[in-house]
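No lab work stands behind these numbers, since they all come straight from the coordinates. All values reported here derive from a predicted model rather than from experimental measurement. Quick reminder, even Gly has a Cβ in these numbers, built from the backbone with ideal geometry, and neighbours come from all protein chains shown.
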């Protein structure tokens, strides 16, 4: 990769990292998995940067990589299991207490959605992609996006009204 | 309307463990290694085609040179007694050292107190020990060892295990926590963070990546002769060191090459 392309890559990735992490967290609701997904996305973007940097919509291209990586891993039943390693104390991250109740109720709602439906909701209503962009990212028809988001949106609107 | 709700759910993100610089370095090293491989392949292709032309030009009655005998450097893993088990363990140590240096140029074996309970001396590769053949209720035999590794200032613990597969119908062992401890298999049946694929040598492998806090363990397994599983894994150590916090120093692709190389040296 040429130095100018590499500088472009680094600038692009660092400006998008937070958004990718947040979107990935909404998909899998686990920060470790979210960071793994983002790492996979960064790796794949680097490998295909010549193509990605010329895409009409770089963000949609990157989001496609991230979302499809999650759906692929989710399809393989990517679960966490405790493993025993030797030592050092783990510095666990704990959220502020006042956030827990609201986060848990919305988290439960998102979890109740299937993986693809959850992806549709996150792409459409958090990351603000259009129906067509969401369909292209997920490789489904726009009709499928509309029908899969309808139920999710209804559920979330009810939650928004109650909060 | 929706975004504030989602942001509330996300809350305050923890510090990122995504190390972009490390990812770029790893990809650049991989590209350099692949370019070197392509260059060598091109040289070989030219040499082969030159050889083909020469053989077509040779008259039929000219005797062909006898092929050089192929020396089989492979070895068996035998654990019927202490002497043969130790000999097998030494051969496995050598095979692993060769495979690691081939797959990961620049790796070193430093002496530091990492995740290993028995740190090796500076510069000394992994020393495999043999668990011999268990008796009575526990008839599995195993070979294994752990060594510190360092690559580009990133430190980790490399572990090798070659263990016999349980006979069908054998109940799961019980772990120290009282829960069933499933056997080590070349499948994702009991595993999380697991993926089945084909290794560089064309054999089935499973790749398992698990995480606990800032510590990540990467493992690749394959089946080897005599109904055994070969596992090579690496974990990062000392996550308080910023050079180590991202991930183990070896990638799953490197582990797959190591496993392929070592398993290719083991015969039935």
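Exposure proxy shown here: for A:30, B:19, the number of other Cβ atoms within 10 Å sets the order, fewest to most, as A:30, B:19. Calculate the FRET efficiency for residue A:3 and residue A:56 from the Cβ-Cβ distance with a Förster distance of 25 Å, rounded to the nearest 0.05. Step by step, r from the Cβ atoms, then E = 0.50. Cα centroids of segment A:9-31 and segment B:194-221: how far apart, whole angstrom? Comparing the Cα centres of segment A:9-31 and segment B:194-221, I get a distance of 24 Å. With neighbours defined as other Cβ atoms within 10 Å of a residue's Cβ, the residues B:75, A:125 order from fewest to most as B:75, A:125. For the segment B:186-196, counting C-beta atoms of other chains within 10 Å of every residue's C-beta and taking the mean gives 3. Look at A:31, A:20 and count the other Cβ atoms within 10 Å of each Cβ; fewest to most, that gives A:31, A:20. Note on residue A:153 and residue A:10: the extension gain reaches 48.0 nm, defined as 0.36 nm multiplied by sequence separation minus the Cα-Cα distance. Sorting the segments B:202-214, B:185-197 by their mean number of nearby beta carbons within 10 angstrom, highest to lowest, gives B:202-214, B:185-197. Shielding by partners for peptide A:22-35, expressed as the average number of C-beta atoms from other protein chains within 10 Å of each residue's C-beta, is 4.
Once you place label points 7 Å from the Cα toward the Cβ at residue B:3 and residue B:190, how far apart are they in nm? For the pair residue B:3/residue B:190, the computed spacing is 4.8 nm. Computed from the C-alpha gyration tensor, the three semi-axes of the ellipsoid equivalent to segment A:10-74 are 19, 12, 10 Å, from longest to shortest. Taken along the Cα-to-beta-carbon direction at a fixed 7 Å, the label points for residue B:227 and residue A:130 span 6.3 nm. In this rough spin-label picture, where each label sits 7 Å from Cα along the Cβ direction, the residue B:201-residue A:72 distance is 2.6 nm.
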